[in-house]
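Written out below as structure tokens is the structure these notes cover.
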């Protein structure tokens with residue numbers, strides 16, 4: 001059976017690495033990362049048994065396709081989408097996990113300096129990537145998109161829903177609130193394309209919420225027909 | 001000699017048999033959760049006890065000491081009097097693993113130690129480890145020999161040994177094993193940076209290998225294997241380092257005799 005093509009951003013982050021390790025066998029993952037390479041087999045990397053270097057290693061069968069890209073570059077999102085389509089012919093699931101977590105007082109120069117890039121990566125890039133995917137692929141056949149349950153998952157945060165005072169999360173929190181709100185609008189506008197849009201908003205992970213719980217919530221959307229839903233993972237009560 | 005009969009089989013303590021090979025900026029391997037939890041804990045306990053004896057700013061037997069010129073770190077050698085589990089790193093099976101992984105000529109000559117960087121340690125200098133190292137000559141190919149500064153200086157070969165009693169080698173491959181760095185998070189620094197060029201800035205490391213406990217980075221020592229310690233912030237960083245050594249002839253044939261980096 002042909003594996004679904006999942007374009008994952010932030011692939012070298014905590015969520016991204018865990019998602020790759022857990023899901024590489026089930027999905028054809030296109031792992032977009034910035035300067036930190038991912039720790040998994042790719043078209044350029046392979047696993048070796050240190051005690052039997054000449055032998056094959058099973059995990060190499062599920063190699064992901066790695067794209068090193070600066071998503072903040074003007075052509076970053078377009079390039080990533082184009083390379084995904086060129087390599088695999090389609091995008092079934094777009095997981096927007098790339099994010100910055102600059103925390104600091106709202107009057108601190110470093111917080112103010114971080115504002116443009118933080119909002120660009122946390123908010124503008126998910127919008128641009130989904131728009132690029134729509135233009136490059138999803139507009140071709142909305143009925144097929146609906147049949148194939150194609151969709152977008154934005155990785156937001158409980159910081160976008162609640163205020164955790166005195167942690168310096170003001171700018172980050174605003175960006176995640178923006179992403180959550182955009183998810184609702186994307187769901188509405190992508191309806192006619194047959195593409196669903198949802199979000200997962202976890203509390204701190206790992207720590208308060210398990211990384212596997214976040215992955216479970218993302219994968220649940222891949223098997224559902226929901227759109228415009230935000231799964232909030234607060235953690236144990 | 002350490003009693004290697006007390007060492008467990010590598011098969012039994014290597015938890016991760018899938019080490020990731022990357023080719024940029026030069027061929028290297030990374031792996032996490034390398035040893036079983038019990039074995040990793042025993043390594044940490046043994047080295048932690050040695051760390052607990054205190055740090056010395058002058059050479060001091062049995063303690064982490066300063067003595068590596070131009071390197072902001074404390075070090076201690078892993079010697080034959082140290083029992084398992086640390087003696088694993090100067091054992092034949094571990095030597096064989098390293099030589100097999102990189103296709104490096106198998107010789108008796110190995111060197112292992114541990115490095116400890118105090119918080120706010122400085123960047124190390126970018127270098128390739130493609131250096132000559134002198135050893136007392138091993139009696140036979142099955143023996144494992146570590147340097148002995150009392151007999152011959154590992155950098156120059158100077159000492160009491162006659163020429164026939166010592167041998168010049170070249171570093172063949174190196175592995176760093178990270179431990180006692182519990183709680184490390186991105187932003188703490190202390191990574192091992194891998195570089196395209198010796199003239200690169202430390203901030204421009206092509207790959208930053210994080211010092212996550214029970215993980216490794218390993219690579220063949222070549223004229224292009226540029227690497228350096230990257231400055232740490234408020235957290236100390238500890239690692240075990242181990243080299244296998246190849247003959248000068250093999251090093252010259254593979255990479256050029258003129259590329260062997262003389263010690264400064």
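Where a number appears in this text, it was derived from the coordinates with a stated rule and is not lab data. It should be emphasised that the depicted structure is a prediction, and the values quoted were computed from it without experimental measurement. Using ideal geometry, Cβ is built from the backbone for each residue, glycine included, and neighbour counts are taken over all protein chains shown.
A few points about this structure:
- Build a GNM of chain B with springs between Cα atoms under 10 Å apart, and of B:187, B:48, B:124 the one that fluctuates most is B:187.
- With neighbour counts taken as other beta-carbon atoms within 10 Å, the residues B:178, A:162 rank, fewest first, as A:162, B:178.
- Over chain A, relative contact order from alpha-carbon pairs under 8 Å, at least 6 apart, %: 17
- Each 10 Å bin from zero holds the following percent of Cα-Cα pairs in region A:55-178: 12, 34, 28, 19, 7, 0.
- Peptide A:41-47 is shielded by partner chain Cβ atoms: per residue, an average of 4 of them sit within 10 Å of its Cβ.
- Spin-label model distance (nm) - residue A:163 vs residue A:55, 7 Å beyond Cα toward Cβ: 5.9
- Each residue in A:15, A:88, B:125 was given a count of other beta-carbon atoms within 10 angstrom of its own, and listing them fewest first yields B:125, A:88, A:15.
- Here the convex hull built on the C-alpha positions of region B:124-264 has a volume of 133 cubic angstrom per residue.
- Beta bridge orientation in chain B: antiparallel %, DSSP, nearest 5: 95
- With both labels modelled 7 Å from their Cα along Cα-to-Cβ, the residue B:96 to residue B:142 distance reads 1.2 nm.
- Calculated [θ] (222 nm, deg cm²/dmol) that DSSP helices of n ≥ 4 give over the protein assembly as shown, each run adding -39,500 (n - 2.57): -7500 deg cm²/dmol
- For the options B:16, B:128, B:232, a Gaussian network treatment of chain B with springs between C-alpha atoms closer than 10 Å singles out B:16 as fluctuating the most.
- Judged by the gyration tensor of its Cα atoms, with axes a ≥ b ≥ c, chain B is rounded; a/c sits under the 1.5 cut.
- Relative contact order of region B:124-239: 33 percent, from C-alpha pairs under 8 Å at least 6 residues apart in sequence.
- For B:152, B:221, the sequence from fewest to most other C-beta atoms within 10 Å is B:152, B:221.
- Proportion of all alpha-carbon pairs of chain A beyond 29 Å (%): 27
- A simple spin-label model places the labels of residue A:144 and residue B:58 7.8 nm from each other, with each point 7 Å out along Cα-to-Cβ.
- Contact order normalised by residue count of region A:37-87, Cα under 8 Å, 6+ apart, percent: 30
- Taking every Cα-Cα distance in the protein assembly as shown and sorting them into 10 Å bins from zero, the calculated P(r) comes out as 4, 17, 26, 22, 16, 10, 4, 1, 0 percent.
- Bridges between two residues of the protein assembly as shown, per DSSP, are antiparallel at a rate of about 65%.
- Most mobile of B:180, B:97, B:47 in a GNM of chain B (Cα contacts under 10 Å): B:97
- Residue-averaged beta-carbon neighbours from other chains (10 angstrom radius) around B:15-26: 5
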